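Chemist: After the structure tokens below, expect a handful of questions from me.
Derivation of every value follows stated rules applied to the coordinates shown; laboratory data play no part. The structure presented is a predicted model; accordingly, all values stated were derived computationally and were not measured. Every residue, glycine among them, receives a Cβ derived from its backbone with ideal geometry; neighbour counts consider all protein chains shown.
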Amino acid sequence: MLQPDLTYQLLRNLTSPVVAITAVRAGKENGMISDAAVRASIVPTVPRLSVYIHKFNFSHDMIYETGRFALHLLHTKQFDVVRRLGFVSGRDQDKLAAIPHHAGTLGVPILDECFAHFECSVVNVMDTGSSTLFLGDVVAVGRGKAAGELLTATHFRSNMPAEWQREYEAKLKEAQRYAEARSRDIKPVVWQRR
Ligand SMILES: Cc1cc2nc3c(=O)[nH]c(=O)nc-3n(C[C@H](O)[C@H](O)[C@H](O)COP(=O)(O)O)c2cc1C
């Protein structure tokens, strides 16, 4: 018999480092946080990564419609970036206004400060019902200027300030309710390159 809470806790061992995902659509820039990104190719000449993004996030449609995003590994001194990008939606505010960035080769925003960044062009997607898995060809990379230690999801969850905890848990619960209602409604998708 599956114990949902135990299963969820064990699955948390499969989260990725904390990453910041940025996108731009019709001149509007945005960024969000994810801990569901992985390397998706072992071939040095065909570098790929993938990331799950919930459909309710503003970033989801921006990436789906443009087929472009940048993924940034963060370092342990960047809790402020996680808070700015991961706790509120870009529908409500210009989240990148206070975070120094510049346009990358694909035109997507690249954070000046990070552990490393990857610019990606989407080559395929998979629908999960509640989210989309984006498979990206990595077309450009770079390192941050002052790269410290990589920010893992466990490090973030264990060390985030106590006053953020309640907000984080509430957002997570809300996302879980959304996902529970939609996760079984999976549609086959044929991706057309943008
Ligand atoms: C540590 C952390 C991990 C997160 N992981 C994911 C994730 O894997 N997928 C996702 O869609 N949202 C994830 N989120 C939530 C989004 O970052 C959040 O909903 C954000 O406000 C979306 O912004 P947007 O609406 O501007 O795109 C995470 C947030 C945090 C703080």
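Chemist: Report the relative contact order of the chain, percent, no decimals, based on alpha-carbon pairs under 8 angstrom and at least 6 residues apart. Each step should come with its number before you reach the end.
Modeler: Values: 368 pairs, mean separation 45.4, N = 194.
For the chain, the relative contact order is 23 percent.
Chemist: Find, among the GluC sites (Glu not before Pro) in the range 122-173, those assigned to loop by DSSP (not H, G, I, E, B) with at most 12 other beta-carbon atoms within 10 angstrom. All intermediate terms of the calculation are to be shown ahead of the outcome.
Modeler: Numbers: sites: Glu149, Glu163, Glu167, Glu169; in loops: Glu149.
Sites meeting the loop and neighbour criteria: Glu149.
Chemist: Could I ask something else about it? What relative contact order, as a whole-number percentage, does the range 32-136 give when Cα pairs under 8 Å and 6 or more residues apart are counted? Kindly include the intermediate steps, with their values, before the conclusion.
Modeler: On the way: 152 pairs, mean separation 35.4, N = 105.
That works out to 34 percent.
Chemist: In vacuum, with every alpha carbon of the range 39-91 counted as one equal point scatterer, what does the Debye formula give for log10 I(q)/I(0) at q = 0.16, 0.17, 0.29, 0.30 Å⁻¹? Two decimals, please.
Modeler: The calculated log intensity ratios at q = 0.16, 0.17, 0.29, 0.30 Å⁻¹ are -0.66, -0.73, -1.19, -1.21.
Chemist: Considering only Ala23, Pro188, Thr7, whose Cα is most displaced toward the positive end of the charge dipole of the chain, charges sitting on Cβ of Lys, Arg (+1) and Asp, Glu (-1)?
Modeler: The listed residue farthest towards the positive side: Pro188.
Chemist: Taking +1 at the Cβ of each Lys and Arg and -1 at the Cβ of each Asp and Glu, which of Ile63, Val88, Thr45 sits farthest along the dipole of the range 43-99 towards its positive end, judged by Cα position relative to the Cα centre?
Modeler: Of the listed residues, the answer is Thr45.
Chemist: What are the radius of gyration and Dmax of the chain, computed over its Cα atoms and given in Å?
Modeler: 16.2, 51
Chemist: So for the chain, if I pair up every lysine 8 or more residues apart or on another chain, how many of those pairs have alpha-carbons under 19 Å apart?
Modeler: Taking the Cα cut-off of 19 Å, the pair count is 9.
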